[in-house]
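The values are calculated or read from the model by the stated rules, or taken from the named source; none is laboratory data. Quick caveat: nothing in here was measured; it's all calculated off a predicted structure. No Cβ is skipped: glycine too gets one built from the backbone with ideal geometry, and neighbour counts run over all protein chains shown. Only protein heavy atoms, including side chains, enter the accessible area calculation; ligands, DNA and RNA are left aside. Shrake-Rupley method; radii C 1.70, N 1.55, O 1.52, S 1.80 Å.
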Amino acid sequence: MAVIVHEDLCRGCKKCVKACPFEAITIEGKKAVIGLGCTQCGACVEVCPFGAIEKEAAEKETVDISQYHGVWVFAEQRGGVLMDVALELLGEGRRLADEIGTELCAVLLGENVEVLAEELFRYGADKVYLGQHPELVTYNTDAYTNVIYKAIREYKPEIVLLGATHIGRDLGPCLAVRCGTGLTADCTRLEIDPESKGLQQTRPAFGGNLMATIVCPNHRPQMSTVRPGVMQKLMPDETRSGEVVALKVEFADGEIRTKVLEIVRTMKETVKLTDAEIIVAGGRGLSDPEGFRLLEKLAKKLGGVVGASRAAVDAGWIDHSRQIGQTGTTVKPKIYIACGISGAIQHLAGMQNSGCIIAINKYEGAPIFEIADYGIVGDLYKVIPAILEALDLE
Ligand code: FAD
Ligand code: SF4
Ligand code: SF4
């Protein structure tokens, strides 16, 4: 599919230049020229008063889906350490692969990372596709996309799962576009249709007010991203092993358009909400950014970390990296203390699987009390100092 300009009709009026949200059109020699940044959104087609721009209809591509077999999990590693979400996806992938009656494979890219293959086998993989190259040490969109895309074309997996991390959210769409298939982001449930054996990908839609189940019947692979903390890891099985398949990795000149010059770690990375066993989260009920100082005191005393609702983040009281919920992080701590948080469905989406939920809210009808194991009705500015005092007495 392409967007083309009929030069004989173009009068150089520049209406399309202004209409293009991606600044992909320039005027050269009084004619519009569509550049590489074009996403084929079609906005320019609508505005051209002379009918000079046309979006060519996509050729109906037919894919022989019977050629595609196996469930693949992108085994994201950083600095030689596998991300937890990769192991969680192996747990889920194992279940899906067994249900289809196919193999579970991990795709591992990096340099000197072959040792990680053993860990992937222990957590459920039957096979590891291993790509090693100095350009793969740190994540790079072009390098990772090109290597995995070539592997997908060669080995034809039917399902590809990625963690909805910053890397997975970048890599997944690039792969889906290259493969000409769909991608369902932030899935919360994955099931196999018993009849078609297709993947049913469920995720919240319309602001979390309903759950949508999405299928990809005509294209392969079926691709999904899943947030960290949503799926369950298997217990590692020390007796498991599997096959390592080396991927041929070579890059042509100019194939990789970006270079990582330096990695700067920010404070945000020290907030490990997904790993925290205790989270003390604050919402709009704090009324003031200073309220988070009180929450930090309580979190410190309990050995936990501070989280927040979107309302508190939107108010600028705390960094977005602390946001819990549908558009923030999904967490599963042993104890979750919600302070001045009403319990909107989008917040619950990120914390309702916590082990024990304690809610402090001055309004006894707050929805958070419906899912709380313990509820304290009262002003958090009185309740939390009282808890701190009680803990000091211990
Ligand atoms: P409020 O709903 O305003 O609740 C404040 C609560 O504090 C009230 O229940 C009140 O009784 C209580 N309170 C007030 N003063 C005190 C006090 N002194 N002591 C004790 N209690 C007190 N929200 C998220 O959190 N995470 C998300 O990821 C997220 N994603 C979203 C995505 C979409 C597409 C949309 C549409 C919304 C999303 N939201 C998200 C927003 C969500 O709908 C709510 O608006 C938000 O969670 C409300 O935050 P809150 O509970 O802090 O504030
Ligand atoms: Fe040409 Fe149409 Fe663009 Fe005007 S809007 S510059 S006529 S393509
Ligand atoms: Fe720009 Fe969309 Fe037209 Fe492409 S199709 S040139 S992105 S307006």
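A few remarks follow.
- Test: residue in region 304-321 that is more than 15 Å from ligand 1 (Cβ to nearest atom) and surrounded by fewer than 21 Cβ atoms within 10 Å (Cβ to Cβ): no
- Of residues in region 156-178 being of a type in the set (A, V, I, L, M, F, W, C), outside any loop (DSSP other than H, G, I, E, B) and open to solvent by less than 30 Å² (accessible area, probe 1.4 Å), the one nearest to residue 101 (Cα to Cα): 159
- Looking at region 1-87, the strands (runs of 3 or more DSSP E) lying wholly inside it that each contain 3 or more residues that are within 16 Å of ligand 3 (Cβ to nearest atom) sit at 3-5, 25-28, 31-34, 53-55.
- Some residue of region 383-392 being within 11 Å of ligand 1 (Cβ to nearest atom), open to solvent by less than 40 Å² (accessible area, probe 1.4 Å) and of a type in the set (A, V, I, L, M, F, W, C): yes
- Residues of region 192-209 classified as surrounded by 15 or more Cβ atoms within 10 Å (Cβ to Cβ) and free of Cβ contacts under 8 Å to residues at least 40 places away in the same chain, total: 5
- Residue within region 92-103 that is open to solvent by 80 Å² or more (accessible area, probe 1.4 Å), in contact with an Asp or Glu (Cβ under 7 Å, 6 or more places away or on another chain), assigned to a loop (DSSP other than H, G, I, E, B) and away from ligand 3 (no atom under 13 Å from the Cβ) present: no
- Matching residues, region 335-351, being farther than 21 Å from residue 380 by Cα and open to solvent by 60 Å² or more (accessible area, probe 1.4 Å): 345, 346
- Yes/no for residue 73 being more than 16 Å from ligand 2 (Cβ to nearest atom), among the β-branched types (Val, Ile, Thr), without any contact (Cβ under 8 Å) to a residue 24 or more places away in the chain and within 20 Å of residue 162 (Cβ to Cβ): no
- Enumerated strands (runs of 3 or more DSSP E) restricted to region 181-257, each holding at least 2 residues that are under 26 Å from residue 167 (Cβ atoms) and over 24 Å from the mean Cα position of the chain (by Cα): 243-246
The rows are residues; the columns are (1) under 28 Å from residue 232 (Cβ atoms); (2) among the hydroxyl-bearing types (Ser, Thr, Tyr); (3) in contact with a helix residue (DSSP H, G or I) (Cβ under 7 Å, 6 or more places away or on another chain).
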{"position": "292", "(1), (2), (3)": "no, no, yes"}
{"position": "307", "(1), (2), (3)": "yes, no, yes"}
{"position": "312", "(1), (2), (3)": "no, no, yes"}
{"position": "348", "(1), (2), (3)": "yes, no, yes"}
{"position": "377", "(1), (2), (3)": "no, no, no"}
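- Residue 38, sole failed condition from (1) within 21 Å of residue 180 (Cα to Cα); (2) within 12 Å of ligand 2 (Cβ to nearest atom); (3) touching a helix residue (DSSP H, G or I) at 6+ places or on another chain (Cβ under 9 Å): (2)
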